[in-house]
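Visitor: Following this message is one structure expressed as structure tokens.
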Amino acid sequence: MANRTYDLLGQVQAAHQFDHDSLFRYASVHVPGFPSPAASTFTVKQFGHGQSNPTFLLEVGNGGSVKRYVLRKKPPGKLLQSAHAVDREYQVLRALGEHTEVPVPKVFCWCMDASVIGTDFYIMEFLEGRIFMDPKLPGLAPERREAIYRETAKVLAALHSVDMDAIGLGKYGRRDNYCKRQVERWTKQYIASTGDSRYPSNPKMLELARWLQQHIPSEDSSGEGIVHGDFRIDNIVFHPIEDRVIGILDWELSTLGNQMTDVAYSCLAYIVDINHENQQVGKGFELTRIPEGIPSQAEYLAEYCSASGKPWPAAVWKFYISLAMFRGAAILAGIYSRWLMGNASGGERAQNAGKQANDLVDSAWAYIARKSVLPNHPPPDPVARDYMKQFGGGNESGRFVPSLKVLKLRNKLIKFMEDHIYPMENEFYKLAQSSSRWTVHPEEESLKELAKKEGLWNLWIPFDSAERAKKLLFDESSRMVSNGEHDQFLGAGLSNLEYGYLCEIMGRSVWAPQVFNCGAPDTGNMEVLLRYGNKEQLLEWLVPLLQGKIRSGFAMTEPQVASSDATNIECSIKREGDSYIINGRKWWTSGAMDPRCKVLIVMGKTDFTAANHKQQSMILVDIQTPGVHIKRSLMVFGFDDAPHGHAEVVFDNVRVPARNILLGEGRGFEIAQGRLGPGRLHHCMRLIGASERGMQMMVQRALSRKAFGKLIAEHGSFRSDVARCRIELEKTRLLVFEAADQLDRLGNKKARGTIAMAKVAAPNMALMVLDTAMQVHGAAGVSSDTVLAHLWATSRTLRIADGPDEVHLGTIAKLELRRAKL
């Protein structure tokens, strides 16, 4: 099992005592929010984990509350040159914490005034979480072991992907010949540590140094990036209950250089077992038995290489593992040397370090003697492995089996939601309910940039629409082709069915779609421009929409007529020379309240005398055009959906250029029918996701709350309800997939019947599931304390906003009757 960070504490060792009052006075001045000494209690404890720089917990009590901080300092006494550089730890932690997403504790201050506590030190935040001391992860379920190792590989890859120059660490160390310098450094430190007659040098260690010098990989001559220097699972803090990293610790050995050394060091547990209790170094679990769930060394490496883009290291792996053991032996020798001098921070465990250093040298030579240490090629990555397990190695041809490409995107999307969207929901809601609700949360824009970097941007774009855009926008004369932006901004080349697997995930949060530039009405409006816009319209409006620089609205519904019958609309679009004059009143113009909304697609009549379905046209209107008046924000069951909003808009003699007409006069119905396919099917996909979140919350609530002497989950009525919800959800998901598949294969017109079925089924199913979830939550379900009420309101609205059920049912009935006549 893991140790809680708080459980690793003990009393301050005699050799590491310092002036607590002096530290208290210093921290109260230099650490933001640190309580003053006047009315506070102050205690100091020492972390027993770690053998290098002494680390302490600072607890400050003030008025019943306790604040916790962590202090790292140099050890007392005479130290080896360049060792224990806590100033470098502070430098790298600050740079990573302020400029990257790499999880590290926040640092508050750095002190090099020895008069405070006798040595240099820095203070950082305390991370309440789990540290796994045993890499075999005993006590964890197999799936959680796998998740822990995958997360470890991905976090290391994230660290290795940081641009050191961009965050001010370009001069943090020499980049070239890192391994060569490491061999030289640790050789010198080993000799310095073993110079005492009580601990003589091991000839095999010095011979190992010579072997390493002769086998340094050619890639070492060029620098790569940030190296942690001591990356292993017990230097990582995991979330208290979730299998995700919240902090990487112990940066004493960090520098710039060959990053594969970090990877090898993190793999040592596969090769050797350093047991501090019995003073031995045994065989690693890959040579004995890998605990169930933990990936093999090759699978762990494949996960890292896939996430970081690094080449498969089979040809040079002996060197990197041997270097890791060589360095480990040198470090253990240093710990033992300090123990002999009385200033090691590891207590009794440090006295075993000398023997373990020699054992590690023997293990390195045994590893070098092995014929093969890695397969020549990486095994399938974990997603591909899971895919093959689930779908028979890819030989199955079921209609709705997702491709490996989609499965990878889906897993990446799920992680993005867990890491970034769900944790921010409360913050988004706070702003949306404040007096500043018609402003955009700055974190939303930051998440958009992150989504772009993750390849999760504009996933909704059908490949055929993307191809049309490429031909119009990115030819040889285009001003955008030079920077290759179309590779990112025109999506991942997915079909409507493939996007369905991803859109569902976004639907689990009302805030998620816009972060990925996949929100309504923008997707529908961009689809209109992609399919029907000319090159000038695409350059002026589509490009900034694809880039996420602006947002849009769709103005069709009118308050004075039944707008479900679009032939009723009364807004006029009258041609005058090179312009059109627009007059009319629209409402439920979603998105028009957003400060980023710059363009409206307006549907009106250009010829009131033409045939019923030839009167309507669509036109692009700059929202800043004189005569466009946003009259008010409309509420949806008490939600105004700020900052997006739903507006009533008056068009009073609005003059726009004639070139803004879409496709031509009288083509509005034709465009609308094209828009009703993919864009509106997205609503159904998102409702599947909203329902899944309702199911998850419902079950979690039922498993944690008791009523009438037993868990809600144990009541027969609940079990019956949750079973029916699951049945309806799965039926609807298959119907939505069928509609998307028909849309891809047959086109919008031939798929309209199945699309109509999905539009009726999805919101009604979602209402059933979410209503049940709210019932299980009781009063909390209808409050703003959960997302259920908002998800329910959105679902109920889509029985009207996405075209009323009655219209869709009419379409289904007509097709059924027509089929009967054949």
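The values are calculated or read from the model by the stated rules, or taken from the named source; none is laboratory data. In this text, all values refer to a predicted model and were calculated from it rather than measured experimentally. Cβ placement follows ideal geometry from the backbone for every residue including glycine, while neighbour counts extend to all protein chains displayed. SASA here: full protein model, heavy atoms, side chains in, ligands and nucleic acids out. Shrake-Rupley method; radii C 1.70, N 1.55, O 1.52, S 1.80 Å.
Visitor: Out of the residues in segment 340-356 meeting the condition of being in a helix (DSSP H, G or I) and touching a strand residue (DSSP E or B) at 6+ places or on another chain (Cβ under 9 Å), tell me which one is modelled with the lowest pLDDT.
Guide: The residue in question is GLY347.
Visitor: For segment 200-234, which residues satisfy the criterion of being touching a residue at least 40 places away in the same chain (Cβ under 8 Å), polar (S, T, N, Q) and part of a helix (DSSP H, G or I)?
Guide: SER221
Visitor: If I ask for residues that are of a type outside the set (Lys, Arg), open to solvent by 10 Å² or more (accessible area, probe 1.4 Å), at pLDDT below 95 and out of contact with any Asp or Glu (no Cβ under 9 Å at 6 or more places or on another chain), which ones from segment 68-96 would you list?
Guide: Of everything in segment 68-96, those that are of a type outside the set (Lys, Arg), open to solvent by 10 Å² or more (accessible area, probe 1.4 Å), at pLDDT below 95 and out of contact with any Asp or Glu (no Cβ under 9 Å at 6 or more places or on another chain) turn out to be PRO76, GLY77, LEU79, LEU80, GLN81, SER82.
Visitor: Just need a number here: residues in segment 702-734 that are in contact (Cβ under 8 Å) with a residue 12 or more places away in the chain and open to solvent by less than 40 Å² (accessible area, probe 1.4 Å).
Guide: Number satisfying all stated conditions: 9.
Visitor: Do we find that ARG799 is assigned to a helix (DSSP H, G or I), free of Cβ contacts under 8 Å to residues at least 40 places away in the same chain, touching a Pro at 6+ places or on another chain (Cβ under 8 Å) and farther than 30 Å from PRO423 by Cβ in this structure?
Guide: Judged against the criteria, ARG799 is a match.
So that you can scan it fast, the table gives a plain yes or no per residue for (1) in contact (Cβ under 8 Å) with a residue 24 or more places away in the chain; (2) over 13 Å from THR255 (Cβ atoms); (3) of a type outside the set (Phe, Trp, Tyr); (4) assigned to a helix (DSSP H, G or I):
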position	(1), (2), (3), (4)
GLU143	yes, yes, yes, yes
ILE148	yes, yes, yes, yes
GLU151	yes, yes, yes, yes
LYS154	yes, yes, yes, yes
ASP165	no, yes, yes, no
GLY168	yes, yes, yes, no
GLY173	yes, no, yes, no
VAL183	yes, yes, yes, yes
TYR190	yes, yes, no, yes
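Visitor: Can you report the number of residues in segment 755-786 which are small (Gly, Ala, Ser), open to solvent by less than 60 Å² (accessible area, probe 1.4 Å), touching a helix residue (DSSP H, G or I) at 6+ places or on another chain (Cβ under 8 Å) and farther than 17 Å from ILE800 by Cβ?
Guide: 3
Visitor: Among the residues of segment 249-260 satisfying the criterion of being crowded, with 24+ Cβ neighbours inside 10 Å and outside any loop (DSSP other than H, G, I, E, B), which is farthest from the chain's Cα centre (by Cα)?
Guide: GLY257
Visitor: Which of (1) surrounded by 18 or more Cβ atoms within 10 Å (Cβ to Cβ); (2) within 34 Å of the chain's Cα centre (by Cα); (3) touching a residue at least 40 places away in the same chain (Cβ under 8 Å) is the odd one out, the single condition VAL116 does not satisfy?
Guide: Among (1) surrounded by 18 or more Cβ atoms within 10 Å (Cβ to Cβ); (2) within 34 Å of the chain's Cα centre (by Cα); (3) touching a residue at least 40 places away in the same chain (Cβ under 8 Å), VAL116 violates only (2).
Visitor: Go through segment 586-615 and give me each residue that's more than 18 Å from VAL561 (Cβ to Cβ), small (Gly, Ala, Ser) and outside any loop (DSSP other than H, G, I, E, B).
Guide: Answer for segment 586-615, where residues must be more than 18 Å from VAL561 (Cβ to Cβ), small (Gly, Ala, Ser) and outside any loop (DSSP other than H, G, I, E, B): just SER590.
Visitor: Are any of the residues in segment 472-492 at positive phi, modelled with pLDDT under 95 and not hydroxyl-bearing (Ser, Thr, Tyr)?
Guide: Yes, some residue in segment 472-492 is at positive phi, modelled with pLDDT under 95 and not hydroxyl-bearing (Ser, Thr, Tyr).
Visitor: For residues that are open to solvent by 20 Å² or more (accessible area, probe 1.4 Å) and in a helix (DSSP H, G or I), tally how many sit in segment 548-584.
Guide: Number of matching residues: 2.
Visitor: Do we find that GLU467 is assigned to a helix (DSSP H, G or I), at pLDDT 85 or above and open to solvent by 40 Å² or more (accessible area, probe 1.4 Å) in this structure?
Guide: no
Visitor: Here's a follow-up. Has segment 5-28 got any residue that is charged (D, E, K, R), closer than 20 Å to ILE236 by Cβ and open to solvent by 30 Å² or more (accessible area, probe 1.4 Å)?
Guide: yes
Visitor: Also, quick follow-up: Only one of TYR300, TYR265 is within 24 Å of the chain's Cα centre (by Cα), assigned to a helix (DSSP H, G or I), among the hydroxyl-bearing types (Ser, Thr, Tyr) and closer than 19 Å to ILE148 by Cβ; which?
Guide: It is TYR300.
Visitor: Additional query: Considering only residues of segment 1-19 that are in a helix (DSSP H, G or I) and under 41 Å from the mean Cα position of the chain (by Cα), which is modelled with the highest pLDDT?
Guide: Out of the qualifying residues, it is HIS16.
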